[in-house]
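First up is the structure itself, then whatever we jot down about it.
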Number of protein chains: 2
Amino acid sequence: MKLLIVEDNRDLLDNMITFLKREGHICETAKDYRQGFDKVMTHAYDVVLIDIMIPHGDGLNLLKELKSLKPDTGTIIISAKNSLDDKVSGLELGADDYLTKPFQLPELHARIKAVTRRNRHNGNDIVQVHEIEIHTGKREVIVDDNTVGLTPKEYDLLLYFASNKNFVLSKQTIAEHLWGDYVDHLENLDFVYQHIKNLRKKLVAAGANDYIKSVYSIGYKFKV
Amino acid sequence: MKLLIVEDNRDLLDNMITFLKREGHICETAKDYRQGFDKVMTHAYDVVLIDIMIPHGDGLNLLKELKSLKPDTGTIIISAKNSLDDKVSGLELGADDYLTKPFQLPELHARIKAVTRRNRHNGNDIVQVHEIEIHTGKREVIVDDNTVGLTPKEYDLLLYFASNKNFVLSKQTIAEHLWGDYVDHLENLDFVYQHIKNLRKKLVAAGANDYIKSVYSIGYKFKV
DNA sequence: ACAAAACTTCAGCTTTCCTTCAGATTTTCG
DNA sequence: CGAAAATCTGAAGGAAAGCTGAAGTTTTGT
């Protein structure tokens, strides 16, 4: 999952990044309103975490702008104060959840998952494509009652495919979703082949159809 | 899709080209006002990306000239400043969209697609010509509920025809659109015949009429 | 600190697509 | 009608993209 964290407290930011990366997320960061605004306007994230108290403007403003332009982006407000006012205005402005500092990182993670579940998968924990079940809560994939042992990258890849059924995804887009923006500067995206191959092999071995179709010179399509 | 990028920052330009080529687009470039003006006046593009801050003149001027001469060319303004003035004047002068540096390349791509969708296809993702449906998002062509397996060139060719129904397109113009402006220096454009032939054959085999009419000594017309 | 798992790189192989070539067919125009 | 130019066609060669197994590197977990 691709996240943006708008937070100026360096220590907290580092903690969050370390933790969330370990959980398998791609993390981008912004340290103030301006950076946050730029990133938010120019890129798609699954969830944006916004600290209300950030330099150069109000986090609530950023939230408002984000929600008006990209209403289906998940948003979580983070605030130092436990003030009811902030909470109410945050949720009124369209935040999907609200977290008060200090918080436990697993709690944050749980909320991120909950928000995307509500936003992307119609409140459903399980993404199902015919015989393939993706349990997003447990990060587990099941085909015909057998769990398929996927590596993190393979899992992300499958979930990304399943969330974009029947659309052509360029190798570029796929790489960006799984590795982050830095792949733009790479001249070689061949490593994608490996994960496609391994994912295909495991799914087929588990008894699923090979829904991953290659689209010559562009990328792949998860065709159902 | 055929794009022109007017941008003097070499690094940014290279990044954009790499990315957009990977997405299957033909990219032409101009590094200043003069080059941009020449290219724009002498060739046809689906979308022109213009950096406002370019040598030898104002990007907004170029935009104005382009829009007055070829109003249906898609245009996206790129600006380093996050100034409202630029944005307003850019959009007032007829730009179809506006992007602030720094931007993420997928965002750029999304906007290019959005602009052409609005400009060329009446805001529709599906281009339909009688029994032929071109699903631009899925990169899929369907005739009578059967998908037609087209190669990249064939697909581009068909989409180009379908976007220019009933207009005579010269072989030269077609070649420029599919291969880029470098075909100007070629004395032999015979390879176009092949793709026309293959496209015709596949469409007819799928049960469609042969809308591609040859216009002797000129080129072709997609007649509906 | 070690072993296991995951990721990346590399080199060779297969497939798909594009271009070239040579010859046949059609169109135009004197 | 006949010749020249343009177009069409099938087949072959070459180029590019995709696939794969194995080796090397990094990361993870104990």
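The values are calculated or read from the model by the stated rules, or taken from the named source; none is laboratory data. This one's a predicted model, so the numbers in the text were calculated from it and none came from an experiment. Glycine gets a Cβ as well: all are built from the backbone with ideal geometry, and neighbour counts include every protein chain shown.
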- Answer with yes or no whether B:ILE126 is within 16 Å of DNA strand D (Cβ to nearest atom) and either touching an Asp or Glu at 6+ places or on another chain (Cβ under 8 Å) or at pLDDT 95 or above (or both). no
- In segment B:35-52, how many residues are touching a Leu at 6+ places or on another chain (Cβ under 7 Å), in a strand (DSSP E or B) and farther than 12 Å from B:LYS70 by Cα? 2
- Note on the structure: If we keep only residues of segment A:1-26 that are within 16 Å of DNA strand C (Cβ to nearest atom) and farther than 22 Å from B:THR100 by Cβ, then the residue farthest from the other protein chains (Cβ to nearest Cβ) is A:ARG22
- Query: Which one is surrounded by the fewest Cβ atoms within 10 Å (Cβ to Cβ) among residues in segment A:154-165 that are modelled with pLDDT under 95 and either within 14 Å of chain B (Cβ to nearest Cβ) or within 16 Å of DNA strand C (Cβ to nearest atom) (or both)?
  - Reply: A:LYS165
- Given the conditions (1) more than 16 Å from DNA strand C (Cβ to nearest atom); (2) within 20 Å of A:MET1 (Cα to Cα); (3) among the hydrophobic types (A, V, I, L, M, F, W, C); (4) in a loop (DSSP other than H, G, I, E, B), every one holds for A:VAL115 apart from (4)
- Note on the structure: Only one of (1) under 23 Å from A:ALA205 (Cβ atoms); (2) within 15 Å of DNA strand C (Cβ to nearest atom) does not apply to A:GLU133, and that is (2)
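A quick yes/no check of all residues on (1) buried (at least 21 other Cβ atoms within 10 Å of the Cβ); (2) farther than 18 Å from A:ILE112 by Cα; (3) of a type in the set (Asp, Glu); (4) modelled with pLDDT under 85:
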{"residue": "A:MET41", "(1), (2), (3), (4)": "no, yes, no, yes"}
{"residue": "A:ASP51", "(1), (2), (3), (4)": "yes, no, yes, no"}
{"residue": "A:ASP58", "(1), (2), (3), (4)": "no, yes, yes, yes"}
{"residue": "A:ILE77", "(1), (2), (3), (4)": "yes, no, no, no"}
- Message: Cβ contacts < 7 Å: first residue more than 19 Å from A:LEU69 (Cβ to Cβ), restricted to segment A:88-102; second residue at pLDDT below 75 and in a loop (DSSP other than H, G, I, E, B), any location; separation 6+ or different chain. Result?
- Response: A:THR100/A:ASN82; A:LYS101/A:ALA80
- Query: Would segment A:169-176 turn up any residue that is within 14 Å of chain B (Cβ to nearest Cβ) and in contact (Cβ under 8 Å) with a residue 60 or more places away in the chain?
  - Reply: no
- Of the residues in segment B:118-136, how many are part of a helix (DSSP H, G or I) and of a type in the set (S, T, N, Q)? 1
- Hey, could you check segment B:213-224 for residues that are within 29 Å of B:ASP145 (Cα to Cα) and surrounded by 14 or more Cβ atoms within 10 Å (Cβ to Cβ) and say which is farthest from DNA strand C (Cβ to nearest atom)? B:PHE222
- For segment A:181-219, how many residues are within 11 Å of another protein chain (Cβ to nearest Cβ) and either touching a residue at least 24 places away in the same chain (Cβ under 8 Å) or over 25 Å from B:PRO152 (Cα atoms) (or both)? 4
- Task: Search segment A:189-212 for residues being more than 10 Å from DNA strand D (Cβ to nearest atom) and over 24 Å from the mean Cα position of the chain (by Cα), and hand back the single one that is surrounded by the fewest Cβ atoms within 10 Å (Cβ to Cβ).
- Result: A:ALA205
- Note on the structure: If we keep only residues of segment A:27-51 that are in contact (Cβ under 8 Å) with a residue 60 or more places away in the chain and within 13 Å of chain B (Cβ to nearest Cβ), then the residue farthest from B:ALA110 (Cα to Cα) is A:GLU28
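Table: residues versus (1) surrounded by fewer than 14 Cβ atoms within 10 Å (Cβ to Cβ); (2) at pLDDT 95 or above; (3) within 25 Å of B:PHE19 (Cα to Cα).
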| position | (1), (2), (3) |
| --- | --- |
| B:THR100 | no, no, yes |
| B:LEU105 | no, no, yes |
| B:ARG111 | no, no, yes |
| B:ASN119 | no, no, yes |
| B:ASN122 | yes, no, no |
| B:GLU131 | no, yes, no |
| B:VAL141 | no, yes, yes |
- Failed item, numbered, when A:LEU178 is tested on (1) away from DNA strand D (no atom under 14 Å from the Cβ); (2) closer than 18 Å to A:GLN128 by Cβ; (3) surrounded by 13 or more Cβ atoms within 10 Å (Cβ to Cβ): (2)
- Name the residues in segment B:215-224 that are within 7 Å of DNA strand D (Cβ to nearest atom) and outside any strand (DSSP E or B), would you? B:TYR216, B:SER217, B:ILE218
- Note on the structure: Of (1) under 19 Å from the mean Cα position of the chain (by Cα); (2) buried (at least 20 other Cβ atoms within 10 Å of the Cβ); (3) touching a residue at least 40 places away in the same chain (Cβ under 8 Å); (4) within 10 Å of DNA strand C (Cβ to nearest atom), B:THR151 fails just (2)
- Task: Give the number of residues within segment B:96-143 that are touching a helix residue (DSSP H, G or I) at 6+ places or on another chain (Cβ under 9 Å), within 14 Å of chain A (Cβ to nearest Cβ) and of a type outside the set (Asp, Glu).
- Result: 17
